[in-house]
Structure formats: C-alpha cells, structure tokens
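I have a structure here, written as structure tokens, and I will follow up with some questions on it.
Readers should treat all values here as calculations from the given coordinates under stated rules, not as data from a laboratory. This structure is a prediction, so every number in the text was calculated from the model and none was measured. Cβ placement follows ideal geometry from the backbone for every residue including glycine, while neighbour counts extend to all protein chains displayed.
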Amino acid sequence: MLHSSPERDSPPQADGASASAASSGRGPGWAAVLLCLGLTFSGAAAYLLLIDIHWMHRSGAPLIASLALGAFWATRNALRSRRRGIRIASVANAMLLPLGLYAFFVAARLPAPTRPDLAAGIPDITLHDQQGRPVHLPTILKQGPLLLVFYRGHW
C-alpha cells in the first residue's frame, strides 16, 4: 500500500510559501509581524532623514508609502494567520496607517494666525537689532512712523 505525504499532494503555493508551512495551518508568524512593524517605522525614519528635501517634507512620501505597505502586509498577515496573537498584532500594525495619516495631515497643522488688536497700540517691549543692541519700541515710535513685521516661523 502506498502512502502519500502532504508535501507531495498539496498544490504549489503561488506566493512561494512551502507546502509544509501551508499544511500546518498557522500562516505567517511573529517574524512577519516584526517585519511589518519594521517596514512601518522605517518610513518615519526615512522622513526624518530626508526632511531637508522640500518635496519630501511637504508630501511625506516615504512616511505614507511605508505606512501603506506596512498596513497592506499586516492586513494580509491578519487574514492568513489562525493564531490570535498574530492577528491582534497585525491589526494593531494596520491601524498605524490611519493614525499616521492623521498625525501627518491633521495634528501637524500650525494653528490659525490670530489678528492683532489694532486698537491696543504697540506693545511695550524691547527687541534686539541685527547688531544685538536693545531697541525699545515705544522710543522708536516717537521718532516717526514705524512698520513692524512679525512673521510666523517653524523649524
């Protein structure tokens, strides 16, 4: 009597997984979860390294790409795994995509500028000029018209 082994009778896997791993029914393991997390967080590291490049800073391309790939792969792991811990970790990793998009596009916005109270007059403050000398604003205003320009900056 001939006995067949599950490795020979199982169909070949399209994604390159071995037949023995597919027959075990467990699907992806913790290594796949850690790889997804590494992929997800590598985008944040790439964004920080490339922040001086204007279009990278404005678009967040490496961050968004790695978040999307990490979420896709994590969702794939969650759907293929039968182990509860792997599924929970993969779903938590996939939830980093909306969290990251919210952080980049919504939470990182600068607050809206406020209008100055023109009736309040010039503030009684002392600033330093280009040479580092203190300049008292009401004193300069007594010398004639004065134009103050305050701008918002962020670094």
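So if we plug the beta-carbon distance of residue 130 and residue 35 into 1/(1 + (r/R0)^6) with R0 = 35 Å, what FRET efficiency do we get, rounded to 0.05?
The computed FRET efficiency comes out at 0.05.
Each residue of the range 134-142 in turn: what ³J(HN,Hα) in whole Hz from Karplus with 6.51, -1.76, 1.60 and θ = phi - 60°, glycine and Pro shown as x?
Here the 3J(HN,Hα) series is x, 10, 8, 4, x, 5, 5, 4, 5 Hz.
At R0 = 41 Å, how high is the FRET efficiency between residue 146 and residue 50 if r is their beta carbon distance? Nearest 0.05 is fine.
After rounding, the FRET efficiency stands at 0.45.
Related question: By per-residue mean of other Cβ atoms within 10 Å, what is the highest-first order of 112-121, 90-99, 66-75?
Values: 112-121: 7.1, 90-99: 17.5, 66-75: 20.6.
Averaged packing, sorted descending, gives the order 66-75, 90-99, 112-121.
Using mean Cβ contacts within 10 Å as the protection proxy, how do 128-140, 42-54 order, highest first? Could the numbers behind the result be given before it?
Values: 128-140: 9.3, 42-54: 13.8.
So the order, starting with the most tightly packed, is 42-54, 128-140.
Quick one: dipole size for the range 23-107, taken about the Cα centre, charges +1 on Lys/Arg Cβ and -1 on Asp/Glu Cβ, in debye to the nearest 20.
600
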